[in-house]
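The values are calculated or read from the model by the stated rules, or taken from the named source; none is laboratory data. Only a predicted model underlies this, so the values are computations on that prediction, with no experimental measurement involved. Cβ sites come from the backbone with ideal geometry, for glycine too, and all protein chains shown count toward neighbours. All accessible areas refer to the heavy atoms of the entire protein, side chains included, with ligands and DNA or RNA removed. Shrake-Rupley method; radii C 1.70, N 1.55, O 1.52, S 1.80 Å.
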Amino acid sequence: MSDVNGKNIDSGKDNHRIKSVSRMKEILTGYYIDAKTARENGKKVAWITSGGPVEPLIAMDVIPVYPENHGAMVGASKMGVDLCQKAEEMGYSSDLCSYARADIACAVTQGGPIGGLPEPDFLVCCNNICGTVLKWYEVVARHYHVPLFILDTPFIHREMKKEAQQYVMDQIYEYIEFLEKQCGRKMDYDRMNEVGVLAVEGLRLWQAVLDTATHKPSPISAFDAFFHLGLIVTLRGTQVTVDYYKGLLDEMNERISNNIAMVPGEKYRLLWDNLPIWYRTRWLSDKFASHNACLVADTYTSAWSGVLPLIDENRFLETMSLSYSNVYINISHDMMINKLREMIEKYDADGLVMHSNRSCKPYSLGQYDLQKMVMDQLKIPTLIIEADMVDERHFAESQIETRIDAFMETLKS
Amino acid sequence: MSDPKITAGIDIGSITAKAVVMRDGNILGTRVRFTGYNAKKAGQDVLDGLLSEIGLMPNEVATVVSTGYGRNAVDFADKAITEITCHGAGAWFINPEIRFVIDVGGQDSKVIRLDNNGKVVDFAMNDKCAAGTGRFLEVMARALEMDLEAFGDLSLAGTPAKISSICTVFAESEVVSLIAKGETRENIIAGIHESVASRISAMARRIGIVLPIMMTGGVAKNKGILQAMEKKLGAPIVVSGYAQVNGALGAAILAGRM
Ligand code: SF4
């Protein structure tokens, strides 16, 4: 993600710039202003984890705020080291996820790119992405003295058993009760259905945008997807999101008809795994582009729409237990390798670049095994880059440059 | 190698700069000097020095390829190629049977797997950590107040003392306390070598070892490391007389293909 002004995001060379970027910045700026002025407008603010069920919040007219999204902004604004160090001074371990460190420091110092996030009225934490968020949200709940709802989604090894589905479903209804209590009014289920339909429409459009990368040359790269992902995470289930992605999809199709490539002279198509390195998106995109390589897809931005086959838009609430439990990092390696296989085939990728992200353990754990599986079973070269999504202290430029150059030399030879 | 043109390879490592000049697939000469703080100057000097030594003029060199960490600083080179590809090419040139290259450099170590045609299939490098590198050995030599050159032969007689820490700084203090406990230098150095060898063999296993193995880089001259590595890998390791300049050699070979 970028800061609100998107100034650190690489969107290709000037003549290849994606025009929708400015609309996106406008929407995000408006969204953050709404969130910051929620109190004055009598609206509630809920902090929610990136993989959490936002649709009921939208249906209840609560403004969702994403600390992780904000963490990405911190990273893109290159403010990560400073804020992480502040959190470390407060006693948090440097091994803690840098989103958590940066956000906790922002909450206390009102620092960061937008002077801190608006205070929450309550918190919603879903552990389908990691265990870190549980403790992180407990800290936030104590700091602001606000209630916390935890949605516990079991890890999926092979398939989700009926009992597990029921277990999550029961919690979805508890979640709605919790929201009703916080907002002092009942859930309007017609509105909820509407939001569900809009959410699915948004997800389909987003997936369609990502799928334009199957075209050769690709009109979009993962570096663009990192930016344009913003709305599918934060404002899923709203009309504005649906409209935005319609516009973006049109633009991508137009680029295809005009044969505009995101990486001019695209020769190599690569897949990216894990979160972006927010403070180095431009450097990395230039680096790969200098080798005529385009990162055509990634496991991260497709994580939200990846569960589409599990959602029934007409029974949105009922299918939420499945869709929220089966997100990419809550599934086993056997399931992950299948997803990777699908993506490698679909986007016709020549190689896989994995970011071993010091912050995000659940995403990075087992990457070496996955790498082996990819090389043995899918027979494409892979590269592992060690870094961190926000904490720049873990980025060693010359080492990473050598690895990328060597990897590309191997691919070319 | 039928091209009669003269090519040069320059390898700017973190500690030393190396140059190799070739003609028609034959090595005309090699040279090594300290890199110092100015990588570009080191590259220029090492090549100039070598050219005057073998009686060639700079303009007789058709193509120059640079490699190593300072590869992009050598702006007079026609192309910069990473040390992974160059070490692969160098080892392949010396012995086309080689399928696996281990290079222990000043600030990083790498393992490279080659296919039947000498093409790099996979590689791994140590990350952001000096353990298992030439720098690690230097720090240890300093702790022992010894010359690194003397390490190799001395350790052959020793029984490895246990050095458990991976971190270079902690390992240094471990060495200091071993000295205080009266452990012999031979055993300490053998322990140091074993520690480096375990780091590298773990990395080698990660990408899958294929025989025969060649070790390159200045550290390959150290018989103690070589022995420790052979023990860890359970296989013999080939070392060529050009081990230290192998990266520059590969660069000169690749320059010939341009
Ligand atoms: S550990 Fe990973 S999944 Fe959890 S909050 Fe941090 S980045 Fe997100």
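Within segment A:359-379, one or more residues are in contact (Cβ under 8 Å) with a residue 40 or more places away in the chain, more than 9 Å from chain B (Cβ to nearest Cβ) and not in a helix (DSSP H, G or I).
Scanning segment B:66-84 for residues that are assigned to a loop (DSSP other than H, G, I, E, B), closer than 17 Å to residue B:15 by Cα and at the interface with chain A (Cβ under 10 Å from one of its Cβ atoms) yields B:68, B:69, B:70, B:82. The helices (runs of 4 or more DSSP H) located wholly in segment A:64-166 that include 1 or more residues which are away from the ligand (no atom under 16 Å from the Cβ) occupy A:80-89, A:98-109, A:132-144. In segment B:173-181 there is at least one residue matching the filter, namely being crowded, with 17+ Cβ neighbours inside 10 Å, among the acidic types (Asp, Glu), more than 20 Å from residue B:229 (Cα to Cα) and more than 14 Å from chain A (Cβ to nearest Cβ).
Selection of segment B:221-258 for residues being open to solvent by 30 Å² or more (accessible area, probe 1.4 Å) and part of a loop (DSSP other than H, G, I, E, B) yields B:234, B:236, B:241, B:242, B:257, B:258.
Of the residues contained in segment A:209-223, none is found to be under 19 Å from the mean Cα position of the chain (by Cα), closer than 24 Å to residue A:61 by Cβ, among the aliphatic types (A, V, I, L, M) and buried (at least 19 other Cβ atoms within 10 Å of the Cβ). Reported count of residues in segment B:43-63, each being surrounded by fewer than 20 Cβ atoms within 10 Å (Cβ to Cβ) and either part of a helix (DSSP H, G or I) or of a type in the set (Phe, Trp, Tyr) (or both), is 9.
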